[in-house]
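Read-outs: derived from the displayed coordinates by stated rules, not from any lab. Values in this document were obtained by computation on a predicted structure and should not be read as measured data. Note that each Cβ is placed from the backbone with ideal geometry, even for glycine, and that neighbours are counted across all protein chains shown.
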Amino acid sequence: MSYWAIGIVSVIFIYIIANVVLYFLQERFIFKAEKLPSDFKFDYENQIFDEYNIEVDEGVNINGIHFKVRKPKGVVLYLKGNSRSIKGWGKFAVDFTRHGFDVLMVDYRGYGKSTGKRTEAGIKKDLQYVYDRLKEQVDEKFITLYGRSLGSGFATKLASSNNPRLLILDAPYYSVKHITKRFLPIMPMSLILRFPVKTYRWIEYVKCPIKIIHGTSDKLIPFKTSVKLSKINPKWTRLYPVIDGGHNNLHTYPQYHRFLEEILHSELPKEIDPKNSSLNFRRKKT
């Protein structure tokens with residue numbers, strides 16, 4: 001066999017091995033979980049909260065924190081990003097409690113104190129179970145879904161299957177496949193990806209106001225992703241660009257907090273009457 005042929009065979013072999021490794025180790029790249037001991041005590045300054053353990057199935061326990069305010073205007077189900085646990089994410093609850101909203105945060109399987117084998121179907125099942133439990137306590141018209149980065153896809157799935165008051169997406173992605181394809185363009189992600197999380201498919205079926213907040217300088221999930229998502233269900237969607245904001249620093253921009261305040265206190269949009277607006281005005285061709 002010639003050196004050229006040996007080289008081609010070697011490249012093919014390495015490519016196959018790389019795909020096998022990616023298939024089995026992809027969870028480590030997608031989910032950067034922080035595990036906590038079962039006796040860990042949460043502590044958040046100036047926040048009133050209760051800790052919950054929700055048994056979804058045998059061997060599957062979802063750990064969560066319910067941040068509380070007096071006379072809440074509603075509750076925000078906050079689905080976090082892919083790193084750490086709710087131990088660190090809990091500090092962001094103040095962005096909602098200061099506006100009079102309760103906040104429920106949960107850890108996905110394998111994060112924090114939550115247990116269970118992690119699969120996309122399993123995570124979706126867990127979150128729907130948590131949502132159903134929440135509905136037993138709060139009417140859906142008072143439930144806001146907030147999905148941050150990784151959580152944006154799962155929040156969209158929940159909104160597409162239920163009737164919350166509002167869906168807020170913070171730095172959402174079109175699908176996990178689209179993100180990985182940017183960094184691994186030569187890999188057959190459609191075949192090997194076990195967590196495709198297709199936000200673009202679910203957002204089409206959402207029937208509540210969709211508010212998308214995204215930094216214009218986001219390097220991980222480009223701002224144009226949210227522009228693309230906003231065009232799928234334009235009747236319900238509004239896009240809020242945080243000028244110069246990145247992927248992990250939106251909370252450091254006053255603009256983000258002003259947007260959040262406006263969104264949380266907004267009323268449901270009313271239908272536009274073409275007779276009393278310029279909706280149907282068209283320029284005549286000259």
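Some values worked out for this structure:
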item: Loop-located trypsin sites (Lys or Arg not before Pro) in the stretch 201-286 whose Cβ has at most 14 other Cβ within 10 Å (DSSP); result: 207, 219, 231, 235, 270, 282, 283, 284, 285
item: Two-site FRET efficiency, residue 238 against residue 163, from Cβ-Cβ distance with R₀ of 22 Å, rounded to 0.05; result: 0.70
